Each structure stands twice: as C-alpha cells, then as structure tokens.
Amino acid sequence: GKPVQVKLSGIGMTVDKHDYVNGFGQGPSAITLERMEIQTDDNPAVVIKNASIEEASSRSSDGFDQSIAYRVGEVGANGRSIRNLTLALSLRNLDEGSLKALVESYKQILDSAATPQEALDNITDAQQQELQALALQLLEHKPTVALDEFGFETANGAARLSVVADLQGPSAEAFTPDAMIISMLASLKAEAGIDKALVRDVASLIAQREPQYSADPAALQQQADLTTELFSGMALGAGWFQLQGDRLVSSLHYADNKVTLNGQDMTVQEFIGFAFGSVLGAGLLGQ
C-alpha cells in the first residue's frame, strides 16, 4: 500500500528474423536495459544494471533450435550486490512439422473458450489424446532440452548449474508413468558448482536483516560461518556434492540405464533408492 518509484534508462530492442518456414523464423532478437532503480518508501533503492533478454533461433540438418537467456549484470542494494545473474535455456533438434502441429493444436484448444484457463479446465479426452500424440511425434525426432546455465556471483564466490537432457520416444513396454519417463530420457548430464564463499555471502546477507546480527558485526560473521558449514556438511554428507578446495561440486550423468554420480556408477534403481534415502535423511518428507 505504499508508493513505489521506478526509473528506467537505456532501453533497447533488436530483431533480425528471416527465412520463415512453418511459421518459425530464424535469427536473434533482444531487449536490453542499462539501468533500473526501484525505490520503496524510505528503503535503500534497488539498482539493476545491464539487464537483457536474448532469444535466438536457427536451423541445421538436425532440426530447429530455440534458445532464450535472461541476464543481469548487477543487482545492488544497501551496499551489497549480486553480479552476472544468468538463466539460459534451449530446445534443440526440434522437428518443425511436429512442432507446428503441436502449437496449432494447443492454440485451437485455447481459442475454444472465453479464456485460456476456462479452455484448459474443460479440455476433452479427445483434445488431450491429440496433444499427447503430437508430443510423442516431437519426441520421435530425439530433441534436446537444456538448462545451459543458471548462475550468479557475489563479492567472494560464484555458483553455476547446467543440465542437458536428450529425449526420445517412450518404449512400447513402458506401462507405468515412472517407466515411461525413464524410457523417454535417452541421456542426461548435470554439472553444479558452489563456492563456500558464496554461501557465506548469501548467509550474511540474510542474517543482516535480523536486528540481533545487523548491529553486531562479530555475531553476523559467526552466524554466516555457522550457516555455511551447516549447509556444506549437509551437501557433502548426503553424497550429492564433493569438496574441491573451497568449492562444492557435483556431476551427474545418465545413459544406457546407468547413472554416474560424482564418479560412482549405479543402476537407475540404485540411484532412485539413494535419492529417496537422502531426501528422507534430510527430513524433507517429514515422517
């Protein structure tokens, strides 16, 4: 219920699309913003610098590729900042004919009612089956879905995550949802890394909001160190991460019904048991 002031400067947009086939053009487009200031009441202004949304599409002999990336150079407030925030996603090796048919079918469903939500709430079995059949056609072309990068940096550390999944049509022998999902996944590769210094910076930033820590630098540092070691201990103890110097790292690969986690090979069933056990051990499912 309080006023908010927003100042924008340096807004830009570029589009270079060409060679439209099946309704999909190839080429890049981008929206950029040099600076944004957000002021709420008497709180310190939040300053966002060098933000952008970058999209690109292209064609190759393997199919149609689409990518989008959200980037922020810096977010700062109250003397603290987070830099180089990135969220980059992509879809690769898409069959354009199947993609066009799927998009058109979905649009027809949305247009069948007064609002999109109403259309989805009243979707018929026939419409669901049509969408499923078209999605399976898309999977037959073996597309790739990727979180190419998610990451950010603080004053003393960085965190990065990437996940790439190669998909395929489900096996005819897969009768349960779990079996179908596994059979649709041809391969997966995930890599993650978190500096302990980044964990400490984030913990300090959160603790600084509490009165008992904001007025006592020594207590703030102690709380940040305690949170960092607790987080690191849980990550290492659960087996999901390894420690390389002062950086927590994790590597997960899957292919041919075999999972490799941080260099340790296991079957899919063994991995599911490990993952479920670690969740239970962390108390994330209660009793």
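Each reported figure results from applying straightforward, stated rules to the coordinates on display, with no laboratory input. Since the model is a prediction, treat every value here as computed from it, not as a measurement. Ideal geometry is used to build each Cβ from the backbone, glycine not excepted, and the neighbour counts take in all protein chains shown.
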Subject >> Potential lengthening between Ala155 and Val47 on full extension [0.36 nm per residue; Cα-Cα distance subtracted] >> reply: 37.3 nm
Original post:
How many angstrom separate the Cα center of the stretch 8-42 from the Cα center of the stretch 239-260?
Top reply: 36
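Filter the trypsin sites (Lys or Arg not before Pro) in the stretch 178-262 to those in DSSP coil with at most 11 other Cβ atoms within 10 Å of their Cβ, and list the result. Before the final figure, lay out each step's value.
Working: sites: Lys189, Lys196, Arg200, Arg209, Arg247, Lys258; in loops: Arg209.
Taking the stretch 178-262 and a limit of 11 other Cβ atoms within 10 Å, the loop trypsin sites (Lys or Arg not before Pro) found are Arg209.
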Subject >> Listed residues Gln212, Phe271, Trp240: farthest to the positive end of the dipole of the stretch 187-287 (Cβ charges) >> reply: Phe271
Original post:
For all pairs of alpha-carbon atoms in the stretch 58-152, what percent lies in each bin of width 5 Å, listed from the first bin to the last filled one?
Top reply: 3, 12, 15, 13, 13, 14, 12, 8, 6, 4, 1, 0
Subject >> Paramagnetic reach from Thr14 in the stretch 41-74 [backbone N under 20 Å; point 7 Å along Cα→Cβ] >> reply: 49-59, 66-74
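Which of Ile53, Ile48 has the fewest other C-beta atoms within 10 Å, and how do the rest follow up to the most? Before the final figure, lay out the partial values.
Details: Ile53 15, Ile48 19.
Result, fewest neighbours first: Ile53, Ile48.
What ranking, highest mean first, results for peptides 75-87, 118-130 when packing means the other Cβ atoms within 10 Å averaged over each residue? Walk me through the numbers on the way to the answer.
On the way: 75-87: 14.8, 118-130: 12.0.
Top to bottom by mean Cβ count within 10 Å: 75-87, 118-130.
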Original post:
Which links in Lys142/Lys196; Lys7/Lys107; Lys107/Lys189; Lys49/Lys196 stretch past 31 Å when you go from one Cα to the other?
Top reply: Lys142/Lys196; Lys7/Lys107; Lys107/Lys189
Subject >> From the C-alpha gyration tensor of the stretch 94-212, square roots of 5λ in Å >> reply: 40, 22, 14
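Got the relative contact order for the stretch 187-287 handy, in percent, Cα pairs under 8 Å and 6 or more residues apart?
Once divided by the residue count of the stretch 187-287, the mean separation gives 29 percent.
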**OP:** Return the distance in nm (one decimal) between the two label points of a simple spin-label model at Ala77 and Thr267, each offset 7 Å from Cα along Cα→Cβ.
**Re:** 5.0
Original post:
About its Cα centre, what dipole magnitude does the stretch 187-287 give when the only charges are +1 on Lys and Arg Cβ and -1 on Asp and Glu Cβ, stated in debye to the nearest 20?
Top reply: 140
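When Rg is the radius of gyration of the Cα atoms in the chain and Rh is its Kirkwood radius, what does Rg/Rh come to? Intermediate values should be presented prior to the final figure.
On the way: Rg = 23.4 Å, Rh = 22.9 Å.
That ratio is 1.02, to two decimals.
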Original post:
Sorted by packing (mean other beta-carbon atoms within 10 Å per residue), highest first, where do 133-144, 14-25 land?
Top reply: 133-144, 14-25
**OP:** Mind giving me the nanometre distance, one decimal, between the label points for Gln208 and Leu147, set 7 Å out from Cα along Cα→Cβ?
**Re:** 2.7
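With +1 on the Cβ of every Lys and Arg and -1 on the Cβ of every Asp and Glu, and nothing else charged, how large is the dipole of the chain about its Cα centre, in debye rounded to the nearest 20? Please list the in-between numbers first.
Details: 20 positive and 37 negative charges, 147 e Å.
Magnitude of the dipole: close to 700 debye.
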Subject >> Inter-centroid distance (Cα atoms) of the stretch 177-194 relative to the stretch 52-127, Å >> reply: 20
Original post:
For the pair Ala197 and Gln221, how long in nm is the line joining their label points, each one 7 Å along Cα→Cβ?
Top reply: 1.6
**OP:** May I ask for the Rg/Rh ratio of the stretch 187-287, computed from Cα atoms with Rh as the Kirkwood radius, given to two decimals?
**Re:** 1.10
Original post:
Over the chain, what is the relative contact order in whole percent, taking alpha-carbon pairs under 8 Å and six or more residues apart?
Top reply: 10
